[in-house]
1. How high is the relative contact order of the chain, in percent, counting Cα pairs under 8 Å that sit 6 or more residues apart?
2. Classify the chain as rounded, prolate or oblate, taking a ≥ b ≥ c as the square roots of the eigenvalues of its Cα gyration tensor: rounded when a/c is under 1.5, otherwise prolate if a/b is larger than b/c and oblate if not.
3. Give me the net charge for the shell around R62: Cβ to Cβ below 13 angstrom, other residues only, Lys and Arg +1, Asp and Glu -1.
4. If you build a Gaussian network model of the chain, linking Cα atoms that sit under 10 Å apart, which residue out of H49, H185, H116 swings the most?
5. Where does the chain land at 222 nm, in deg cm²/dmol rounded to the nearest 500, when only DSSP H runs of n ≥ 4 count, each adding -39500 (n - 2.57), divided by all residues?
6. What's the local net charge at I190, with K and R +1, D and E -1, over the other residues with C-beta under 15 Å away?
7. HN-Hα J couplings of segment 130-143 from phi, Karplus 6.51/-1.76/1.60, θ = phi - 60°, integer Hz, Gly and Pro as x?
8. Give me, ordered by chain and number, the residues 5 or more places off F79 or on other chains with an amide H under 5 Å from its own placed amide H.
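What follows is calculated from the coordinates using simple rules that are stated; it is not laboratory data. Just so it is clear, the structure is predicted and the values come from calculations on it, not from any experiment. Virtual Cβ from ideal backbone geometry, glycine too; neighbours counted across all protein chains shown.
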Amino acid sequence: MTDPVPAPFPSPTVRLSSGGALPQFGFGTYKVPADETEALVRTALEVGHRHLDTATMYGNERGVGRALAASGLPRDDVFVTTKLDNPDHEPAAARAAFARSLDLLGLEWVDLYLIHWPMPRTTDFIATWRTLTEFVQDGRARAIGVSNFQPDQLRAIIDATGVVPAVNQIEVTPYLTQEPLRALHAELGIVTEAWSPLARGRVLTEPVVVDAARRLGCTPAQLVLAWHLQRGDVVFPKSSTRERMRENAGALDLVRSGQVDEATMAAISGLNRDRRVGSSPDAVELDVQR
């Protein structure tokens, strides 16, 4: 008798302009060592995650694929994102890199494929974007998008190809609320995905966050994740233990119950300093990784 398929988190979903639904609450694999990835992602799926975010740059696509294969879950039940690495922008290299990612993941198609960084000084990211459209046309990517693109870069690829990215995965935290860029996303129909949503843990000791979490009877991490979700951001925090995965999922309860009121939301947004904890897209070129 096989083990029962684990129940998913009751995560809200966001609609992609290209069609399909993206779970708003996912599991990230940035800096997860390759030899630990399979076990950790299997745990994430057992706990209830149905959205996995990886990248060629992370070096752990094979482990993600193995965990998915071992989970017993139907392929359509899990949303998988991976990303093009910085050295692979040239069209022929991008085609080979995408095929290699599918092979490592053990998948015939991915739900979302992203350009990881635009690197405008060293690459023709418009040609790269045009290449990614091929993967949608041949059915190997159900949607394509970008990561760390700025307004002029978004407009450039849309003007050149007529294809709007399904998502832009950018750094968003209470220290960097990204309101102008998020407004442009809303105008263009692009979903905002927030990487490093907890500012690498730094925001969790802010008195505003600590006091509000105490008042609501939740953890600071749950509160900040709920802040993202209520704003409409897609988040995929990384967790190293089953207990922390379940704890983070408590953010969904806060959203469903409506406990985080407008005043608390505004107080957390008031922490904005337009300050990054990760690399700036202006600084990342071929010799730099975030």
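1. It rounds to 18 percent for the chain.
2. Since a/c reaches 1.5 but b/c is at least a/b, the shape of the chain is classed as oblate.
3. -3
4. The residue with the greatest mean-square fluctuation here is H185.
5. -13000 deg cm²/dmol
6. -2
7. Here the 3J(HN,Hα) series is 4, 5, 4, 4, 4, 6, 6, 4, 8, x, 8, 9, 7, 8 Hz.
8. H51, L52
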